[in-house]
Amino acid sequence: MLIRFLRLPLTGLMSAGALLWLGADITQAASVVHGAWSVDCKYHSDTNKTSCVASQKVATDPLGKKVVLGVIVEPVEDAARSRIMFRMSKKAYKPAGIGIKIDDRPPSRLKINACDENICEARGWLTEELLGQMRGGRLMRFAFFVDPTNQITYPVSLNGFDSAFKVLRRTD
């Protein structure tokens, strides 16, 4: 099975990361690519704040049209840590939850919080331990069951995650 890590294109002449690095105020949506990860920022005029997320889409086709997994990391306002979310097939077997394993580290589990007619979502706090593994790691394996006996595993590249996360920390 061919797995493709999608990156979103840059928007405008300067990327969100470059704008934030220079201390500029982002007044429109902006995206920047860090390896296999993108950082997407959006200005909210009603609150006069900018919010950013780091994300990666994993696809099973060369054109990137069959996205099978989305991974999102977002800082939480007024919290010292960030939230991590995984969006997968609506066929996920909810009682089994999900599993993640980074490089040769022990696996971690997370419950599937919700499913609707389109997707299932697992979310939780990005602990210091998991954050450290992601920032220093190369590959995350993401696994879920579609029934009690059939597991699906997808690779999630961690290439560029450290620099993407540094941009997120400068925006919260």
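Some points to look at:
- Close amide-amide hydrogen proximity is noted between residue 68 and 58, 59, 60, each under 5 Å apart and 5 or more residues distant or on a separate chain (H modeled in the peptide plane; Pro and chain starts excluded).
- Straight-distance crosslink candidates among lysines, where the alpha carbon sits under 24 Å from residue 101 and sequence neighbours closer than 8 are dropped: 57, 66, 90, 91, 111, 166
- Taken along the Cα-to-beta-carbon direction at a fixed 7 Å, the label points for residue 94 and residue 46 span 2.9 nm.
- Label-point separation, residue 105 to residue 63 (7 Å along Cα→Cβ), nm: 3.7
- DSSP-loop trypsin sites (Lys or Arg not before Pro) across region 131-172, with at most 13 other Cβ within 10 angstrom: 138
Bear in mind these aren't lab numbers, they're just calculated from the coordinates by the rules spelled out. As the structure is a computational prediction, the values presented were derived from the model and not from experiment. Note: ideal-geometry Cβ built from the backbone for every residue, glycine included; neighbour counts use all protein chains shown.
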